[in-house]
Amino acid sequence: MDFTRSLFALALWLTGAATAAAAAAQPDAEFSPRVQKLLAQMSREEKLAVIRGAQEAEAAFIGEAGWIRGVPRLGIPDLRFADGPPGVLVRHASTGMPGTLALAATFSHREAAANGATIGRDARALGVDVILEPYINLYRDPTFERAYNTLGEDPVLTGTLAAQFVAAAQDQGVMVQAKHFVAYEGADDAVVDDQTLRELYLVPFKAVVDAGVASLMCSYNRINGTHSCGNEPVLERILRDEFRFRGFVTSDWGATHGPEFITRGLDMEQPGVGPGASFALEKKSDENAMTQQQVEELVEILTAGVPEEQRFPLPEPSGVEPPPVTGLSGNLGLALVKGTVTDADIERAAGHVLGQIERFGWLDRAPRHTVVPQSTAANARVIQRTAERGAVLLKNDGVLPLRFADLDSLALIGPGALQTFAIVTGEEQSFGRAERQVGVWHALRQMAPRAKPRLAIADDMTGVPIPASALARMKRSDPGATTPTFDAEIDFTRRAGRALPAGSRRSWTGTLTVPVTGDYDIDLQLLGATGKFGIDGKIIGRMGWWGGHGDIVFANRDNVVPTTDGLDNLRRLVSLDAGAHAITVEVNADGSGDDVQARLAWVTPEMKQRAFADAIEAARSSKVAVVFAWSRNRPAFGLPGEQDRLIAEVAAVNPKTIVVLNTGQAIAMPWLGKVSAVLEMWYTGDEGGWAAANLLTGKMSPAGRLPFTWPRRLEDGPATDPAHPERSSRGVAGKTRYDEGIDIGYRWFDRHGIEPLFSFGFGLSYTRFDYSRLSVRRAADGGLDVECTVRNVGARAADEVVQVYLGAPETLPAGAAFAVRALADFVRITLEPGVSRRVHLHVAPERLRYWSIAESAWRDAPAARTIHVGRSSRDLPLTFRIPDEGRDGAGR
């Protein structure tokens, strides 16, 4: 589900079910005899139970995203659905996986399968049956809030990796629900032509259907004016009839706008109001509706940001509400009376769900819903390997890899030096295991115990407890207390030896006196509890859950990293005048049953200046400096806070400056010409500190490749050109026009001759590879078999990603568009120094076809065209011209 939008839906859950007995309906021939028999035995209410999301009883609820009630008398089990990507988000701790862009950057079938298997194992260990991933929309608009969740901008890369992920995850006995079907790249209404829809946005979904995916999630957006979850042309004619999909289609939470959607290809509704939703399969109760105050609180949680981000406000909403869906009933009962929904529709939808339950063997043996230990050690190996293999070396003037002799005069700068930027933010992914998320400083000291690298945080995110000298008469209120109690400071933590008992609820009122006027980081740091704080009568920060994934607070939910002692850190930037200010703090135990830890901390203006100056001095007095920079995609195309200034000033005093990035987007690099190396590591998952240490010291050679085009300017992209707001995710008048057609990402840059900063598929290495002897021949399946020789001509063992691109036909069919070049296949190989390998790639026959809008059909493209092979979309040393049929080709 979309986190930003779905928060407003978390408190609304379906209540009740239709009670009228179902008339016997003719079983659908597409179902097995066993499913047909079950459908004949089920009442209407029981059929509805398996197609409408509800909430599991609190005694069994584990904070899953969704739940479907089974039919015990017929052996039909309940189903639990858990959010991602990546990982499995429930109340219990689970593996913190590398970000999906890190996986995409591996360009590795093996890593995609390993990540799928790991998440599948975790899901089974946590009693989860359906995982809501992979996210296989395309990276079209980097300013879209969920672009970082994608597998990149190319449909072949996305579809290939997603198919591997699906097969491996489902091998663990877990259903996969790929999302979001379809054209959900940020638009409320995607206006897209048929060729573009077919050749780009549907390609990854076809790949996962072919891989046997159990379920697809339809999305919030409209496609050419019709809601995805009620879009019969794509759900029925394409997905069912053409793709032969036999799983079930589930709505995103709140993406069902009327019960008639069940007649147009939707099988299962999940609850919530979602953006623009005005209907549901059954009328909902208002008992659990969110109050206006709770809605405002959720908006505050969503938009405030950490101090570094608060300097960059979010853009104003478009203000355009999608028009209501007309001609639909308000609830299922009315639709049945009107005849716009029939019992046959309900039965068909239930049959699709039951078919997958049968396929997974759960009619014979219900899936286990107990929580058992996870394979932590085995998972850690996958996480570290993915983080290492997904890292992209963008620049290296020879400073990397570091020698162990360099470690004695090495400055490690930034919060990421001490801790790991494991996840982007506390949204729908697993929060991981904070105790495993050590930084590079720790990892290097373990690798070289005698080395003494310097540590300079530069941006202190933990701060210190606000001292008693700044807090006056903090009056404590305890439930049941009869006399007032005063605390000198709020530092009830294990580190201080004063953690509060489980179940504690406390609040404080008092006075905060600040010494000088300026910007202060005021931090409420909690674990085992939610809470909020206010200054001068205004709530400044708020931590809490309403429904959703339970009320467990994880250590890295609210900040980029936890506190250095493992607490969740609700940080806010507050401008305060010197003097006294009224302050309130409230702490309430969460559902974990753990001790309640609470601390009110700050970072004063003087502390900020000192930490920054210390970092510059550490860089000045060291031979090599490494700056760890981060972004949670706000601001777009930039680093939050003072990080650009930090990098520039470090580079000014140390020419051997290395920048390690943890981002989910391309960023501007005003300092690029002044630093010696740049390593993009995305969000690394739990084991990122070890991965970064191995890459920096050369134990691993970087070999990741960019899964999107890195522009020189944000406005160079098709969806981010300010001259064409209609192409942006925000769109104009509620519509986003995909006018770039098939020229997404690198295709756009090629079409218009725009030089990117770094091209799609780009990545440097600690060694060099030569390409030679390209050959192309027709394959038995009608595609092309491509072979070339790759030789490691450097001194280090390393991986290389070999990429094949298909050029446009020399003669273009009327009315059809073709990319200048389009990725057709890729393979990742490992070579020792001096070793050559004959590498085989395959251009699938569907890559040689195009969708004819005029004929509404796939057609073979003219044969004469060029094959390109190389290291990236802009580094293709080998070419081979495919001639007209019956003539010989030539390569070079």
Area of Asp478 that stays accessible when all protein chains are in place (1.4 Å probe, Å², to 10): 40
Taking 0.36 nm per residue of separation between Glu810 and Met607 and subtracting their Cα-Cα distance, the length gained on full extension comes to 66.7 nm
From highest to lowest solvent-accessible area (probe 1.4 Å; ligands, DNA and RNA excluded), Asp614, Asp825 read Asp614, Asp825
If you stretched the chain out fully between Asp536 and Glu855, how much longer would it get, using 0.36 nm times the residue separation minus the C-alpha to C-alpha distance? 108.1 nm
Arg476 paired with Glu885, simple spin-label distance in nm, labels 7 Å along Cα-to-beta-carbon: 8.5
Qualifying chymotrypsin sites (Phe, Trp or Tyr not before Pro) in the stretch 606-637, DSSP loop, other Cβ atoms within 10 Å at most 12: none
Here the cysteines of the chain without any disulfide-compatible Cβ partner under 4.7 Å are Cys788
Share of Cα-Cα pairs in the stretch 373-462 beyond 23 Å, whole percent, is 35
Only residues of the stretch 331-355 count here: report those whose backbone N is under 15 Å from the spot 7 Å along Cα→Cβ of Glu236, or say none. 340-349
Quick one: Debye curve from the C-alpha atoms of the stretch 41-178, no solvent, what's log10 I(q)/I(0) at q = 0.15 Å⁻¹? -0.75
Report the local net charge at Ala125: Lys and Arg +1, Asp and Glu -1, summed over other residues whose C-beta lies under 14 Å from its C-beta. +3
Tell me the label-point distance for the pair Glu58, Arg645, using the 7 Å Cα-to-Cβ offset, in nm and rounded to one decimal. 4.9
For Glu787 and Lys699, what is the calculated FRET efficiency with R₀ set at 35 Å and r taken between the beta-carbons, to the nearest 0.05? 0.65
Per Stokes-Einstein, at 20 °C and 1.002 mPa s, what whole-number D in µm² s⁻¹ belongs to the chain, with the Kirkwood radius over Cα pairs as the hydrodynamic radius? 75
Give a residue-ordered list of calculated ³J(HN,Hα) values for the stretch 584-591 (Karplus: 6.51 cos²θ - 1.76 cosθ + 1.60, θ = phi - 60°; whole Hz; x for Gly, Pro). 10, 9, 9, 10, 10, 4, 8, x
Report the FRET efficiency, 1/(1 + (r/R0)^6), for Arg778 and Asp721, where r is their Cβ-Cβ distance and R0 is 41 Å, rounded to 0.05. 0.50
Tally Lys and Arg at +1 and Asp and Glu at -1 over the other residues with C-beta under 12 Å from the C-beta of Gln356: what net charge comes out? -1
Any trypsin sites (Lys or Arg not before Pro) in the stretch 208-262 that lie in a DSSP loop and have at most 14 other Cβ atoms within 10 Å would be Arg244
Axial C-alpha extent at least 18 Å, average Kyte-Doolittle at least -0.5 - helices from the chain (DSSP): 155-170, 343-359
Per-residue ellipticity at 222 nm for the chain, helices alone: DSSP H runs ≥ 4 residues times -39500 (n - 2.57), over residue total, nearest 500 deg cm²/dmol? -6000 deg cm²/dmol
Given a Förster distance of 30 Å, report the FRET efficiency between Val835 and Gln446 from their Cβ-Cβ distance, rounded to the nearest 0.05. 0.40
About the Cα centre, and with charges only on the beta carbon of Lys, Arg (+1) and Asp, Glu (-1), how big is the dipole of the chain? Nearest 20 debye, please. 2260
Distance in nm between pseudo-label sites at Val371 and Ala795 (7 Å out along the Cβ direction from Cα): 5.2
Between Arg768 and Val464, what length in nm is gained on full extension when 0.36 nm per residue of separation is reduced by their alpha carbon distance? 104.6 nm
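The values are calculated or read from the model by the stated rules, or taken from the named source; none is laboratory data. Small disclaimer: the values here were computed from a predicted structure and weren't measured. Positions of Cβ are generated from backbone atoms using ideal geometry, with glycine treated the same way; all protein chains shown enter the neighbour counts. Note: areas computed on protein heavy atoms with side chains; ligands, DNA, RNA excluded. Shrake-Rupley method; radii C 1.70, N 1.55, O 1.52, S 1.80 Å.
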